[in-house]
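Undergrad: Have a look at the structure that comes next, please.
The values are calculated or read from the model by the stated rules, or taken from the named source; none is laboratory data. Model, not experiment: these values are computed from the prediction. With ideal geometry, Cβ positions are generated from the backbone for all residues, glycine too; neighbour counts draw on all protein chains shown. Please note that ligands, DNA and RNA were not included when accessible areas were found on the heavy atoms of the full protein model with its side chains. Shrake-Rupley method; radii C 1.70, N 1.55, O 1.52, S 1.80 Å.
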Amino acid sequence: RDRHRPRALGRDDYFSGRRVLVTAGPTQEPIDPVRYVGNRSSGRMGYAIAQAAWRRGADVTLVTGPSTLDHPWGVDVVPVETAQEMFDAVADLVGSADVAVFAAAVSDFRPSDVREKKVKRSEEGDTLSVDFQANPDVARDTRGARKQGSVTVGFALETHDMLEHAQRKLESKGFDLLVANDATEEGAGFGVSTNRVTILGVGHDPEVLPLLSKDEVAERLLDRVSGSTAPEAGGS
């Protein structure tokens, strides 16, 4: 794809020339050669953010788990499958990112022992036990590698006590902004083209947005990012 293709008229002085890193989609943790543990994330929210940032003039890299979506135009795409692969990619890239958006739905755990052959019911019987171990926390464990003065954005998909959990995540992972939404709410979360989110920021009251398309949520979020205190492009 031609990364120098003319961009939309919405070019943004804040994003022009900046490097933006976005993670998106699910991770898939193999059980055996044909089965995996995953989640229902489509990647649509992260893809929308990556495309919107490119339209505003940024140089964008998208680290994405498996997704059926078309790759955003003009964006460098790094495909990964597992949480460990996503961690490795982010660790390599985050140090040069002026803005990092952690929108992926990363598996917290992976099977401890990946079977070399397909698990057969005829051999296992009516039950199958799988032990799990913790995956790297992609956002937290790469925190020390972030570029000084960069802006970081996290996501929190919750099923209860959304604001409480989101505020804790905002603080514990050192995010500047955090986008929270309720997985149980109709029209929000995985597998749909809309989202209803609340944006939390350090030192600011939560901003509750109405039900919007994920493309519009991406634009609102980037508006908040460009209003954050951050160095000019090229700063250290």
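Undergrad: Please give the number of the condition Ser41 fails out of (1) part of a loop (DSSP other than H, G, I, E, B); (2) at pLDDT 95 or above; (3) buried (at least 18 other Cβ atoms within 10 Å of the Cβ); (4) in contact with a Phe, Trp or Tyr (Cβ under 6 Å, 6 or more places away or on another chain).
TA: Every listed condition holds for Ser41 apart from (2).
Undergrad: Within region 124-164, take every residue that is over 22 Å from Ala105 (Cβ atoms) and in contact (Cβ under 8 Å) with a residue 40 or more places away in the chain and give me the one that is most open to solvent (accessible area, probe 1.4 Å).
TA: Gln148
Undergrad: Quick one: is Val197 closer than 19 Å to Leu157 by Cβ, at pLDDT 90 or above and loosely packed, with under 14 Cβ neighbours inside 10 Å?
TA: no
Undergrad: Name the single residue, out of those in region 102-123 being within 25 Å of Lys173 (Cβ to Cβ) and of a type in the set (D, E, K, R), that is least open to solvent (accessible area, probe 1.4 Å).
TA: Arg110
Undergrad: May I ask you to verify whether Val179 is hydrophobic (A, V, I, L, M, F, W, C), under 22 Å from Val99 (Cα atoms), modelled with pLDDT of 85 or more and assigned to a helix (DSSP H, G or I)?
TA: Here the answer is no, as Val179 does not meet what is asked.
Undergrad: Name every residue in region 117-174 that is aliphatic (A, V, I, L, M) and in contact with a helix residue (DSSP H, G or I) (Cβ under 9 Å, 6 or more places away or on another chain), in order of residue number.
TA: Leu128, Val138, Ala139, Ala145, Val151, Val153, Ala156
Undergrad: Could you grab me the full set of residues in region 125-160 that are among the small types (Gly, Ala, Ser) and assigned to a strand (DSSP E or B)?
TA: Ala134, Gly154, Ala156
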